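Asks: Provided herewith is a single structure, encoded as structure tokens, for subsequent inquiry.
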Amino acid sequence: MYDYRSMTNDERQRVIDYRRRRNLPMHSPPHWAMGFSTQYLVTAACFEHAPIVGKSIERLTECEQQLLAACEEHTTKIYGWCVLPNHYHVLVGTQQIKSLCRTLGRFHGRASFTWNTEDDQRGRKVWFRCFDREIRSERHFWAMLNYTIPFITGWSISGKIGFGRAQQTS
């Protein structure tokens, strides 16, 4: 995932040239709508997977509420979601994936500012963009829904279609 850091300068330049030739974003995954469906799994992780979201159950809940509010602006349906200490997943139906990603970017900026103020860490990078994966079939949809609403040791993520809530357990 972090291969770029271990590359030589020549290898880095080849990667940059490759992305330029194909009109790919220089520092993020492309957001392509391939036309398979209008359903997407959207995922975002904290920078270097630091557990910034999971600092407290209150922060997890706040993140969940703001994430869902941001998604509601550009989606026709939110099928499932989970918010974990260092990342989130949300399975949505939308015809506006690029607008949704821009709105999530604004959510990331607001959350970063608030959390960095709370943690006295001004300037810390909290999020590393978001990645969307277009759902390609009914089987893919159900696999991603099952992936989105997991049960994780140490963290109780209870959920059903259309609902997932993070709760810290001792």
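Asks: Mind listing whichever residues of segment 77-122 are among the β-branched types (Val, Ile, Thr) and out of contact with any helix residue (DSSP H, G or I) (no Cβ under 8 Å at 6 or more places or on another chain)?
Replies: Start the filter on segment 77-122 by keeping residues that are among the β-branched types (Val, Ile, Thr), which leaves 78, 83, 90, 92, 94, 97, 103, 114, 117.
Correct list: 97, 114, 117.
Asks: Within segment 31-42, is there a residue that is modelled with pLDDT of 80 or more, of a type outside the set (Lys, Arg) and out of contact with any helix residue (DSSP H, G or I) (no Cβ under 8 Å at 6 or more places or on another chain)? Break it down stepwise before answering.
Replies: Filtering segment 31-42 down to residues modelled with pLDDT of 80 or more leaves 38-42.
Imposing the further condition that a residue be of a type outside the set (Lys, Arg) reduces the set to 38-42.
Checking which are out of contact with any helix residue (DSSP H, G or I) (no Cβ under 8 Å at 6 or more places or on another chain) leaves us with 38.
Yes; the residues of segment 31-42 include at least one that is modelled with pLDDT of 80 or more, of a type outside the set (Lys, Arg) and out of contact with any helix residue (DSSP H, G or I) (no Cβ under 8 Å at 6 or more places or on another chain).
Residue by residue, here is whether (1) buried (at least 20 other Cβ atoms within 10 Å of the Cβ); (2) touching a strand residue (DSSP E or B) at 6+ places or on another chain (Cβ under 9 Å); (3) of a type outside the set (A, V, I, L, M) holds:
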position	(1), (2), (3)
88	yes, yes, yes
93	no, yes, yes
105	no, yes, yes
108	yes, yes, yes
116	no, no, yes
124	no, no, yes
129	no, yes, yes
133	no, yes, yes
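The values are calculated or read from the model by the stated rules, or taken from the named source; none is laboratory data. Note that the structure is a prediction, hence the values are computed from the model and not measured. Note: ideal-geometry Cβ built from the backbone for every residue, glycine included; neighbour counts use all protein chains shown.
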